[in-house]
Amino acid sequence: MSAVVTNILPQDNPLTQAPALLSGTDMGLRQQTGTLVGDSGTLPAVPPDSALQQRAAELFRDAENDLHRHTDHLFARLMLVQWLAGIAAALWISPLTWIGDSSQVHLHVWAAVLLGGAITGFPVWLALQHPGQVMTRHVIAVAQVLTSALLIHLTGGRIETHFHIFGSLAFLAFYRDWRVLVTATVVVAADHLLRGLFWPQSVFGVLTTSSWRWVEHAGWVLFEDAILFVAIRRMLQEMSEISLRRATLEGSNLEIERQVVERTAELSKTQAELLETSRLAGMAEVATSVLHNVGNVLNSVGVSAELATSKVREFRIGSLKNVADMLQQHSEDLPAFLTTDPRGKMLPDYLLKLAVHLAEPQQAILEEMQMLQKNIDHIKEIVAMQQSYARGTGVVESLSVEDLVEDSIRINAASFSRHDVNVTREIAPVPPLKTDRHKVMQILVNLLSNAKHALDNCEGDRLMSVRVAQNQEGFLEIIVMDNGVGIPAQNITRIFSHGFTTKKQGHGFGLHSGALAAKELGGTLKAHSDGPGLGATFTLTLPLEN
Amino acid sequence: MAQYSQTAGPAGSPLPQWPETSLAHRAPGQSSLVMFLHPRCPCSRATLGELELLMAHCQGLFSAQVWFIQPEGMTEDWVKSDLWRTAAAIPGVQVNVDYKGEEASLFQAVTSGQTLLYDVSGGLMFQGGITLARGHSGDNPGRDFIESLLNKKIAHAASAPVFGCALGWKKTQKECTACQQ
């Protein structure tokens, strides 16, 4: 600790330059400081190192400089007040000197104005122009004591005015610089010595006095000085302790800041990793969702393929082959065969009927192929959507809501047909929807697929309705209703949770991803059911512009 | 300023015997102190402070009266300044107005603060001031002389410089300027 104190006190510090006067101070300060810092319990007992000492010394010097500057400014004001007070005292006590009924301004008034001004002017100028400098406070000390002398004189040597000296010394102690007190004391002593020798009545009030009487007066000043030195020493101790604490605290703060920066960097890194993990997980979830949706579409694809296959099977390829064989057998006499042979004569009608018969499944196959193409396109869109999600961008298009609804119904149409689901539409005229087509399609296909599943085990009419309207808030509402199995109250919110499903082969992704997609589009997806067996209503609400 | 403080006023030529024509009352069987003051003289404040000490130190040994000059044309309010009130507040001191300085003229006192001590028989024992310098309180030879005379420590007449403004009853500038130089 000693090293700390020695180093934090600047070279011109009173404590380091008054070994005779303040012997043992350094040791006392050292011990006290060490105890305070070490035992405070509020600050960590940081081992003193050179950086800490250097910083503490810097803070000490700053605090000392602030104190000196502040005290200089205080004295500048005080000295101006004293000057004015001296003039006021002269005007009050001895304004005029008289001869009978005639008078003129008393010499004391001029002395108060001119001499007081001379004493006050220079130190005030120094305090304002060069605050904090060593010379400034010493000049102030000299001027302050001279002011005491002037005030004593102006008040007719009143003993009470001598107290101004002692007050001035106390005030000068504000500098916490014992040398300033020494300067003031030297001036007081010199004044008493010189005036005691050459003008004793002006300072001691008697004509003749001992040539050592000035020592008595200076002794009383030294008595006050001694007390003030002790006070200054204690204040400097406190300043050095505060500086050391501040330096320690700053060190702690720097360490904390460093750790904060370090932890923040770690957190940022972890956050980035989490973000990437989350993104990958999100992509996996989307992939699952995509597979789910692709699975839905593949059902339709399968149905279409099956239908096309059965239609192809219905083709009477064998009859056509028989006709071909017959024509080949009679290739040499084909005209006779067609005109004379009873089978040959029936052949044109037969071919005509065969063509008619083949045309019907061909048309059905064509329709299925078209549906198949649409389903394949939708699968492409779903895959593209995943790629779009993976890239983090979505394409906003102006869409016809009716077309969106029809497309999503069409994707599921084969399934609806196979399960005898009667789909009704109530589509009110609404403005075009500006949004991401594939996300809306994903939601609607899923909702329709779910509704179809809800109707699978439903006895009686299997009814599904799709309603489109604009609500009072201006949002688009697409409502999918069914009269299927319904949703128990306890599941009404859980159905949107990831992985929750009531279907035997479900994965619990459809509604979850649908709700997320709706949210991403700025809308909501809500479910309502009056209970098991009472059907369900899903409402997709979207802003018309996204 | 030091020179100003230390420059004494003219002492005049006080009468060696109490003037019987004076309005001032001489107490029988006691020494009598007569002090002349200019009511506006700032230096005389210290004189009254010394008189107060004198009255305290030598209580019952003498009678004291202070005469305040009232120059012609000045009102009594001008005379009854704070110095008047200070003097009147000192126990045992009789305060009077000296219109046109007639009493000062009679006693030949010319400087404010001039103090005259007459013994029981009316003989002048002390003349001068009881301050050390202009307006300065403190121990001074004038007060010491008076205390010694009253306590019969000395028997010879004594004097001391007087510091104060000119009382102004003398008309020539030369007679009055010493205290203002």
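Tell me whether the range A:98-108 contains one or more residues that are over 55 Å from the mean Cα position of the chain (by Cα) and part of a helix (DSSP H, G or I). The answer is yes; a qualifying residue exists.
With B:Leu51, B:Leu61 as the choices, which residue is out of contact with any strand residue (DSSP E or B) (no Cβ under 6 Å at 6 or more places or on another chain), more than 14 Å from every other protein chain (Cβ to nearest Cβ) and buried (at least 24 other Cβ atoms within 10 Å of the Cβ)?
Working: B:Leu61 fails: buried (at least 24 other Cβ atoms within 10 Å of the Cβ).
Of the residues listed, the single one that is out of contact with any strand residue (DSSP E or B) (no Cβ under 6 Å at 6 or more places or on another chain), more than 14 Å from every other protein chain (Cβ to nearest Cβ) and buried (at least 24 other Cβ atoms within 10 Å of the Cβ) is B:Leu51.
For (1) surrounded by 11 or more Cβ atoms within 10 Å (Cβ to Cβ); (2) modelled with pLDDT of 80 or more, each residue gets a yes or a no:
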{"site": "A:Trp212", "(1), (2)": "no, no"}
{"site": "A:Ile227", "(1), (2)": "yes, yes"}
{"site": "A:Ser243", "(1), (2)": "yes, yes"}
{"site": "A:Gly251", "(1), (2)": "yes, yes"}
{"site": "A:Glu255", "(1), (2)": "yes, yes"}
{"site": "A:Ala265", "(1), (2)": "no, yes"}
{"site": "A:Gln271", "(1), (2)": "yes, no"}
{"site": "A:Glu276", "(1), (2)": "no, no"}
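Hey, does the range B:71-80 have a residue that's more than 14 Å from chain A (Cβ to nearest Cβ) and more than 17 Å from A:Trp98 (Cα to Cα)? Scanning the range B:71-80, I find no residue that is more than 14 Å from chain A (Cβ to nearest Cβ) and more than 17 Å from A:Trp98 (Cα to Cα), so the answer is no.
Pairing each residue of the range A:308-330 that is β-branched (Val, Ile, Thr) with any residue that is open to solvent by 60 Å² or more (accessible area, probe 1.4 Å), provided the two are 6+ apart or on different chains, yields C-beta distances under 9 Å for A:Val323/A:Tyr350; A:Val323/A:Leu351. Filtered by the rule that a residue be touching a residue at least 24 places away in the same chain (Cβ under 8 Å) and away from chain B (no Cβ under 12 Å), the range A:149-167 gives A:Leu151, A:Ile165, A:Phe166.
Among the residues of the range A:444-485, those identified as touching a strand residue (DSSP E or B) at 6+ places or on another chain (Cβ under 6 Å), aliphatic (A, V, I, L, M) and surrounded by 19 or more Cβ atoms within 10 Å (Cβ to Cβ) are A:Leu447, A:Ala451, A:Ala454, A:Leu455, A:Met464, A:Val466, A:Val468, A:Leu476, A:Ile478, A:Val480, A:Met481.
Screening the candidates A:Ala127, A:Ala112 for the property of being hydrophobic (A, V, I, L, M, F, W, C), crowded, with 16+ Cβ neighbours inside 10 Å and within 14 Å of chain B (Cβ to nearest Cβ) yields one hit, A:Ala112.
Output the residue which, of all residues in the range A:314-334 that are open to solvent by 90 Å² or more (accessible area, probe 1.4 Å) and modelled with pLDDT of 80 or more, is nearest to A:Ile365 (Cα to Cα). So, considering only residues that are open to solvent by 90 Å² or more (accessible area, probe 1.4 Å) and modelled with pLDDT of 80 or more, the one nearest to A:Ile365 (Cα to Cα) is A:Lys321.
Within the range A:73-97, restricting attention to residues that are touching a residue at least 60 places away in the same chain (Cβ under 8 Å) and open to solvent by less than 10 Å² (accessible area, probe 1.4 Å), the residue that is farthest from the chain's Cα centre (by Cα) is A:Ser94.
When the range B:119-144 is limited to residues that are out of contact with any Leu (no Cβ under 6 Å at 6 or more places or on another chain), over 14 Å from B:Gln6 (Cα atoms) and part of a strand (DSSP E or B), the one that is nearest to the other protein chains (Cβ to nearest Cβ) turns out to be B:Gly128. Only one of the numbered conditions (1) surrounded by fewer than 16 Cβ atoms within 10 Å (Cβ to Cβ); (2) over 14 Å from the mean Cα position of the chain (by Cα) is not met by B:Val97, and that is (2). Of the listed requirements (1) without any contact (Cβ under 8 Å) to a residue 40 or more places away in the chain; (2) surrounded by 24 or more Cβ atoms within 10 Å (Cβ to Cβ), A:Thr120 misses just one: (1).
Being polar (S, T, N, Q), assigned to a helix (DSSP H, G or I) and at pLDDT below 50, is that true of even one residue in the range A:64-81? Scanning the range A:64-81, I find no residue that is polar (S, T, N, Q), assigned to a helix (DSSP H, G or I) and at pLDDT below 50, so the answer is no. None of B:Val34, B:Val66 is β-branched (Val, Ile, Thr), crowded, with 23+ Cβ neighbours inside 10 Å, out of contact with any Phe, Trp or Tyr (no Cβ under 7 Å at 6 or more places or on another chain) and not in a loop (DSSP other than H, G, I, E, B) except B:Val66.
Contact map, the range B:77-89: residues that are surrounded by 16 or more Cβ atoms within 10 Å (Cβ to Cβ) paired with residues that are basic (Lys, Arg) and in a loop (DSSP other than H, G, I, E, B), Cβ distance under 7 Å, separation 6+ or inter-chain. Pairs shown: B:Ser81/B:Arg40.
The values are calculated or read from the model by the stated rules, or taken from the named source; none is laboratory data. Everything quoted here is computed from the prediction, not taken from an experiment. Quick reminder, even Gly has a Cβ in these numbers, built from the backbone with ideal geometry, and neighbours come from all protein chains shown. Remember, those area values only see protein heavy atoms, side chains included, never the ligands or the DNA or RNA. Shrake-Rupley method; radii C 1.70, N 1.55, O 1.52, S 1.80 Å.
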